[in-house]
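All remarks here apply to the structure that follows.
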Amino acid sequence: MTRATTHAAGEVVLEARGLSVHFGGLRALSDLDLEVRHGEVLGVVGPNGAGKSTLFNALAGALRPTTGRILLHGVEVTGKRADQRARLGISRTFQTVRPFVDETLVRNVAVAALATGTGRAAAIEEAHHLLEQVGLHDKAEQLASSLGHGERKRLELARAFALRPSVLMLDEVMAGLNPTEVTEVVELVRDLCRQTDIDLLIIEHLLSAVRSLAQRVIVLDAGVVLAEGAPAEVFEDPRVVEAYLGAKYAAS
């Protein structure tokens, strides 16, 4: 079931205003502003400890911000739980893939489709369609426990898109993949975005994937925005290179 939308390209669908998260004396995020715009993939990059996972957890509802506001389609959701935000249209994946290992692939995806309120037959049909899209249809009736790491990443993508959120946050979806698998997953994500009305916010260490997918990038450093803009411009910014990326990343 696809969520209906009347949003124009470039319209803000998810935003954070003055977002701060403190853990005692540690400021994981400090007065951060962020906008996810319709029809655009936004990438968030930065070294370990930059605040990326904290940002995802705050947006998804796993963490309550110390200060600031979070709005979805202009409606404040700051005080809502993670499950409430998911029902409103904010969904995420996790760095560690978590399929139902004792269930078939088609049931794994159908469960996600059922969560949108669609019927069982339509959910199974949607599951088969998405498994075909991610190249796993020939294994639809196999158990998820039989999949390798790269295949589990594909299954995770199928499940995530089956939820049909307004905004999907992909957390290190390329992690642990070889170069060929990365290229294939980048194409999968791009194709799935073309076929749905889902807007993406991605955390990714692999900068080549961010360059391929994102139209705009935010660079976090110690909980603050160091740079923002088009990937080609941001990754050549001397402040970014000097702060933490290093020359080898800027050239990659």
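The values are calculated or read from the model by the stated rules, or taken from the named source; none is laboratory data. Predicted model only: the values in this text are computed from it and were never measured. Because the Cβ atoms are built from the backbone with ideal geometry, glycine has one as well, and the counts that use them run over all protein chains shown.
If I ask for residues that are over 16 Å from ALA214 (Cα atoms) and at pLDDT 95 or above, which ones from the stretch 29-53 would you list? Scanning the stretch 29-53 gives LEU29, SER30, ASP31, LEU32, ASP33. Condition check for ALA4 on (1) modelled with pLDDT of 95 or more; (2) part of a loop (DSSP other than H, G, I, E, B): one failure, at (1).
One residue alone among SER20, SER53 is surrounded by fewer than 21 Cβ atoms within 10 Å (Cβ to Cβ), within 23 Å of HIS205 (Cβ to Cβ) and touching a strand residue (DSSP E or B) at 6+ places or on another chain (Cβ under 9 Å), and that residue is SER53.
Counting just the residues of the stretch 74-128 that are of a type in the set (S, T, N, Q) and not in a helix (DSSP H, G or I), which one comes out nearest to LEU168 (Cα to Cα)? Only one residue tops the list, namely SER91.
Do the conditions hold for ARG85, that is, is it more than 15 Å from the chain's Cα centre (by Cα) and of a type outside the set (Gly, Ala, Ser)? The answer is no for ARG85. Residues in the stretch 193-211 that are assigned to a helix (DSSP H, G or I), surrounded by 17 or more Cβ atoms within 10 Å (Cβ to Cβ) and without any contact (Cβ under 8 Å) to a residue 60 or more places away in the chain were compared, and the one that is nearest to the chain's Cα centre (by Cα) is ALA209.
Mind listing just one residue for me: the one in the stretch 140-185 that is part of a helix (DSSP H, G or I) and among the basic types (Lys, Arg) and, of those, farthest from HIS38 (Cα to Cα)? Looking at the filtered set, the residue picked out is ARG152.
Just give me the residues in the stretch 106-127 being buried (at least 17 other Cβ atoms within 10 Å of the Cβ) and over 21 Å from the mean Cα position of the chain (by Cα), in sequence order. Of everything in the stretch 106-127, those that are buried (at least 17 other Cβ atoms within 10 Å of the Cβ) and over 21 Å from the mean Cα position of the chain (by Cα) turn out to be VAL106, ARG107, THR118, ALA123, ILE124.
Which of the residues belonging to the stretch 213-231 are closer than 25 Å to VAL185 by Cβ and either touching a residue at least 24 places away in the same chain (Cβ under 8 Å) or of a type in the set (A, V, I, L, M) (or both)? Within the stretch 213-231, LEU213, ALA214, GLN215, ARG216, VAL217, ILE218, VAL219, LEU220, ALA230, PRO231 qualify. Residues in the stretch 175-188 that are aliphatic (A, V, I, L, M) and more than 17 Å from LEU136 (Cα to Cα): ALA175 only. Only a single criterion out of (1) at pLDDT 95 or above; (2) assigned to a loop (DSSP other than H, G, I, E, B) is not satisfied by LEU71, namely (2).
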